[in-house]
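Visitor: I am attaching a structure below and will ask some questions about it afterwards.
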Amino acid sequence: MNARQHKMLVRMTPAQCRAARALIDLTQPALAESAGLGLSTVVDFEKRRRNVAPTSVASIQSALEAAGVEFIPEDGGGAGVRLRDRVGVPDEGLRPDELDATNDD
């Protein structure tokens, strides 16, 4: 089994879809466009209004994965989402000399 086949075995849940969109600040219309689907398909899936075709769910999941989301399978700790490691992308946080009381939040 290759990595792509393994990834698709992790079937995304509606809650994971909502969480993934929030993680990358993506709207439902933008996700629908990215997945090549109608907005109602994304909305219906996330709200569990109807059974959405598995191919459509796979398209939504693929669009979110392409945007950097990784789906975590149910493994006793609960299914979830996270951002994929961005290997080679530098952390653009604050340098120590930039730390002061104004950025203590």
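Visitor: If we scan the stretch 39-49, do we find a residue that is basic (K, R), modelled with pLDDT under 95 and more than 13 Å from the chain's Cα centre (by Cα)?
Guide: Scanning the stretch 39-49, I find no residue that is basic (K, R), modelled with pLDDT under 95 and more than 13 Å from the chain's Cα centre (by Cα), so the answer is no.
Visitor: Can you run down the residue pairs with Cβ atoms below 6 Å, 6 or more apart or on separate chains, where the first is in the stretch 61-77 and within 16 Å of D25 (Cα to Cα) and the partner is charged (D, E, K, R)?
Guide: Correct list of pairs: G68/R84; E70/R82; E70/R84.
Visitor: For the stretch 68-79, enumerate the residues that are out of contact with any helix residue (DSSP H, G or I) (no Cβ under 7 Å at 6 or more places or on another chain) and among the small types (G, A, S).
Guide: G68, G76, G77, G78
The values are calculated or read from the model by the stated rules, or taken from the named source; none is laboratory data. The structure presented is a predicted model; accordingly, all values stated were derived computationally and were not measured. All Cβ positions, glycine included, derive from the backbone under ideal geometry; neighbour counts span all protein chains shown.
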